[in-house]
Amino acid sequence: MPRAWRSPLTIAAVYLAAWWGLDAAAQRFETAPGISVWYPPTALDYVLLLAFGLRFWPLLLLSGLLHQLLTVPEPLPPLPLLVFVVGTALVHAGACALLLRVWQLDVRLPRLRDVGLFVGVAVLAAPLAAAALQVLNLTLGDLLTWSKAPVHTLQLWAGIATGVGMLAPPLLLALRPLTQARLAPLPDELQRLNLHPQDFPAQAGRWARWRRGLEGLGELALIGLALWVGYGGPRSASLDYSYVLFVPLLWIAARHGFGRAVVAVLLLNVGVALLTRESDVERSGGLALQFGLLTVTLAGLLLGAVMRERQRLTAHLRHLALHDPLTGLGNRRLFNERLGQALAGPAAPRRTLAVILMDFDNFKAINDSLGHAAGDLVLRVVGERLRGCVRPGDVVARLGGDEFALLLEDLHGPGEASEVAGRLLGALEDPVPVPGGALRVGASVGIALRGPGAQDSETLLRNADVALYHAKARHRGRAQLFDAAMHASVLERLELEADLRVAIARGGFEIHYQPLVELQGGELRGFEALVRWRHPARGLLGPCAFIPLAEETGLIVAIDRWVLRAACAEVASWPQPAGRPPVSLGVNLTATHLHSPDVVQEVQSALQASGLAPERLMLELTENVLLSDTAASAQTLRELRGLGLRLALDDFGTGYSSLGYLREFPISDLKVDRSFVTNLGQDGAATELARMVAVLGRTLGLATVAEGVETPEHYAQVRELGYTLAQGYHIGRPLPAEQARALALQEAPLVPPG
């Protein structure tokens, strides 16, 4: 036998054998001669054609012929027999063709629409047409009187409809593994009842399986009780109690949806047929019994489909509530739920769990330089990579922005957690492809383990966050395991932040002024305003002690504004010595302040309120200020220059130095980083670079300022190189306002010539 024939012949043999067996069984439950309580063989016709293809429709002719020749005591005459066999086959095959080719029925019955189509066509319309055709055939052949035709039609229709409705759906569901291969995958929303275990953690575990098993046994017992009360008990002579069948049916459909409902429909139909005696049918009326079963069948199918749709919608909404729409990972709520449930159970001996937090080191730069679309693409790619680094049961979530969290259970110790963290960082080593190129994404990782002092979600998340903060502070691109010493450090930081907020509210800052001199004559030309914090317990703190914290917390803008207003007012109040130009004032402008929408108005307001001439003010910007949103930064700087003030590029020669800045931005001064000055005379390359900067400044008409002039040798060297101004401890340390005021009135050069 050719191999290609084996499968179709096997299907045909199984179909015919099952069809004949069900046909014979149906005759044992007749409510009238030739009329069964239900007629399930027709269900096999629909399962055959819907599940395996319309090409098997000739088998319907053969099964109809077998029915007449092998099952019916008195077969029909040849012509009525031909009409019966061909007509019935064409009705059911035509119904299947309409369902598949016109209405695109999904034979897996995943939607309410599919169930509705199946019920409307296969359960109701086609059986009615087949029953009417058969009765008409019998009537025209004088085998049935016209007076009995209506009742006979209804009985025949009810039996076929109930048989199809009770048997075809469970068979189609059971055949899903076979039909799945030739059908398109179901959309995510139609698979929402089969979510990842992390979506419904309460449904997992041994006790949950026992509970579901006990619930199933209870439902079987309820079905048995309803059948006995309705049809098997002392009152079985009447159909008055048949409505009790709806009790288990409604419960099962509402509780479990379509899958369990079709099984309940099948069990109830079989149970009624087995328990109903011929005398009961005669007393109650066969048609009433059939319509009762048909009602139960339709109610079970439709209610089950409706409840499944509702359950799917509920599951879909829960999925949306628990997942990040961009990456598909769990969100903060899901992570907190799973972490809480993991901690609620007893800790396994020699086992622990870990919380890992990870965020990118440079994500803001990606968004600012390439746009949010590129940033979203990076997040999606990284999310997929993180999923591939953990076990199937581990939780990976995106908490927000570029922050990800992982929950790892059943670990042997910190080594396993560190190994996972290493895989996470390793997964980011490959560049992420984006339109126009590829990006390298760096990240830092913080790890916290469950332990004696960390038994709740809040503590574990806080510890992981502390470890992440230390990983970023010490060296980006690494993983850090939490220890107790870190906690004390974070508490100190939080206390410092609280004190900083109080200082901003109560004016706890003061300004010191460091002088700048003209290198050729040594005369004082200006001051740079440097903020100090008069801490109530720690004394006078320099900017290194609190400016990084202020930038992290967003408090830097408030400090910048205060320094700008206070320094302008202070310097404007100093008397101007005769015969010498008034001293200039340099004020630092941070990136956050520059990108605030009203920075130009704030500077203009500070100048107007203080009366300081705009040409005396110089705003100093570091190169990283210019990195993000270049076009907007250039426009803001042009507006500031339009006020008449000067703009200095501070720490020039470090970081992302680019000559393009000097062309794109309206810079007036270059302040060379102290590292060049420190290495003058020791490093030939540093000396030559410092010389080139001085030449560049002269060529472009920019003033050049040498920072970090600490010794007389430094002073002489930068003067020889051709710098315009100098600043450093050799010239003068930062001074309180009163001392700076006195220095501004001094007539002699600050650094004697020579």
Worksheet item: Given a Förster radius of 60 Å and the C-beta distance between Q601 and R310 as r, what FRET efficiency does 1/(1 + (r/R0)^6) yield to the nearest 0.05?
Response: 0.60
Worksheet item: Hey, which lysines would be in cross-link range of K472, C-alpha to C-alpha under 20 Å, not counting anything within fewer than 8 residues on its own chain?
Response: K364
Fill in: Nonlocal amide H pairs with E30, under 5 Å, H built at 1.01 Å
V37
Fill in: Cut-off 18 Å, label 7 Å out along Cα→Cβ of R440, residues of the range 467-493 by amide N
475-479
Item to complete: First select every other residue whose beta carbon is under 12 angstrom from the beta carbon of L540; then total the charges, Lys and Arg +1, Asp and Glu -1.
Response: +2
Practice prompt. With r as the distance between the Cβ atoms of L214 and A348 and R0 = 22 Å, compute the FRET efficiency 1/(1 + (r/R0)^6) and round to 0.05.
Written response: 0.25
Worksheet item: Taking every DSSP beta bridge that has both residues in the chain, what percent is antiparallel when rounded to the nearest 5?
Response: 60
Practice prompt. Divide by every residue of the chain the summed helix terms, -39500 (n - 2.57) for each DSSP H run of at least 4, and state the resulting mean residue ellipticity at 222 nm, rounded to the nearest 500 deg cm²/dmol.
Written response: -17000 deg cm²/dmol
Practice prompt. In whole Å, largest first, what are the principal axis extents of the Cα atoms in the range 83-149?
Written response: 45, 21, 15
Item to complete: Count the net charge of all other residues whose Cβ sits under 13 Å from the Cβ of A606, scoring Lys and Arg as +1 and Asp and Glu as -1.
Response: -1
Discussion item. Given R₀ = 60 Å, what would the calculated FRET efficiency be for L136 paired with H372, taking r from the Cβ atoms and rounding to 0.05?
Written reply: 0.30
Worksheet item: Would you list R525, R478, R211 from fewest to most Cβ contacts within 10 Å?
Response: R211, R478, R525
Worksheet item: Across all directions of projection, what mean area in square nanometres is found for the Cα convex hull of the range 1-180?
Response: 10.6
Worksheet item: How far is it, in nm, from the label point at A181 to the one at L275 when both lie 7 Å from their Cα along the line to the Cβ?
Response: 4.2
Discussion item. What does the extension gain come out to for T295 and L696, with contour length at 0.36 nm per residue minus their alpha carbon separation?
Written reply: 135.0 nm
Worksheet entry | Under-5 Å amide H pairs with V434, H placed in peptide plane, nonlocal only | L439
Worksheet item: Counting only residues 5 or more places away or on other chains, whose amide H sits under 5 Å from the amide H of D361 once H atoms are built in the peptide plane?
Response: G442, A443, S444
Worksheet item: In square nanometres, what is one fourth of the surface area of the convex hull spanned by the alpha carbons of the chain?
Response: 50.0
Worksheet item: Pulled fully out, how much extra length does the chain show between R501 and R534, if you take 0.36 nm times their separation in residues and subtract their Cα-Cα distance?
Response: 10.6 nm
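Coordinate-derived values only; no laboratory data. A quick note: this is a predicted structure, and the numbers were derived from the prediction, not measured. Cβ coordinates were reconstructed from backbone atoms using ideal geometry, including for glycine residues, and neighbour counts include every protein chain displayed.
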